[in-house]
1. At R0 = 22 Å, how high is the FRET efficiency between GLN13 and LYS133 if r is their beta carbon distance? Nearest 0.05 is fine.
2. Along the range 188-195, what does the Karplus equation 6.51 cos²θ - 1.76 cosθ + 1.60 (θ = phi - 60°) give for ³J(HN,Hα), rounded to whole Hz, x for Gly and Pro?
3. Once you have the Kirkwood Rh of the range 129-191 from its Cα pairs, apply Stokes-Einstein at 25 °C and 0.890 mPa s and quote D in µm²/s.
4. Give me a comma-separated list of calculated 3J(HN,Hα) values for the range 4-19, in order, Karplus coefficients 6.51, -1.76, 1.60 applied at θ = phi - 60°, integers in Hz, x for any Gly or Pro.
5. If you average the sequence gap of Cα pairs under 8 Å that are 6 or more apart and divide by the length of the range 53-146, what percent do you get for the contact order?
6. Within the range 66-83, find all residues whose amide N lies under 11 Å from a label point positioned 7 Å from the Cα of HIS100 along Cα-to-beta-carbon.
7. So for the chain: antiparallel DSSP bridges make up what percent, rounded to the nearest 5?
8. What spacing in nm lies between the two simple spin-label points modelled at ALA62 and GLN140, each 7 Å away from Cα in the Cβ direction?
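Every number here is computed from the coordinates shown, using simple stated rules; none is lab data. Treat the numbers as computed from the prediction; the structure is a model and nothing was measured. FYI the Cβ positions are ideal-geometry reconstructions off the backbone, even for glycines, and counts take in every protein chain you see.
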Amino acid sequence: MNIKEYVQLRKEQLKKEIASLDVKPTLIIIQVNADPASDAYVRGKLKDGAEVGANVILDKQAPSISETDLIKLIEKYNHDPHVHGLIVQMPLPKQINESHIKLAVNPVKDVDGFHPLTHFKPCTPKGIIDYLKAEGVIFQGKSAVVIGRSNIVGKPMQQLLLAENATVTQMHSKTTREDMDLFLSHADIIVVAVGRKHFLNHSFKLKPSAVVVDVGINRDEAGLHGDAEPNLAVKLQTPVPGGVGLLTRLSLLVNLMEAYHGIQN
């Protein structure tokens, strides 16, 4: 099943579940940037919410908002019993400390999975794991390579793969080409999230049985490109566009439902 089919199936399941509820799950998205990529992500989240019958509400504030006022707004939603999930769209303006904002969101409503005390898994790594499981990918005892070490994808991806009992190697910009060649040639699962067009390409020798998950979104005049060159000689490779971004948005809805049941109960 390709990603679009998988996401549509899961959305239909969520739609049926939400239709049976007396109170609809509500997600607040606070956006304080003027970023075209963020605008596109938010439009996608609003569309997803409408599709499944959840209340997804955008609270758009001026990019000039102070950190104090943003935290007051977050606190308002933290204490609103009708709000089940709360996210602050990244990136943030330079006058606002990202760490302070992540800590301000109530962990029980932190459906992005950024707060250190939250029990929600970050949406992109969670979406990847859930999809690969649906595809029958075995993690236990397998060699996994994560290329990238960001706090949003790379680091939590490593943790979730470890939790599935994979043997995980994390590579980054300071990893030598010699080591990359070595570890990638043995990898059963490869997650590439470095923000560089076609970084993982045909010059690397990969296992024909390998699974490549492409998290990258790179824009140029020709359109959108992943971090992996298309049509690598592997068993499964996620596309760009129409790949991991859809899984990320789906996971946000899944986390919202979990938050809803936690608060309603």
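1. Values: r = 15 Å, r/R0 = 0.69.
The value I calculate is 0.90.
2. With the stated coefficients, the range 188-195 comes to 8, 10, 10, 10, 10, 8, 10, x Hz.
3. On the way: Rh = 11.9 Å.
In µm²/s, the coefficient rounds to 207.
4. 4, 5, 4, 5, 4, 4, 5, 5, 4, 5, 5, 4, 5, 5, 5, 4
5. Details: 60 pairs, mean separation 18.0, N = 94.
It rounds to 19 percent for the range 53-146.
6. Label zone hits: 66-72.
7. Here the antiparallel bridges make up roughly 10 percent for the chain.
8. The modelled label-to-label distance comes out at 5.8 nm.
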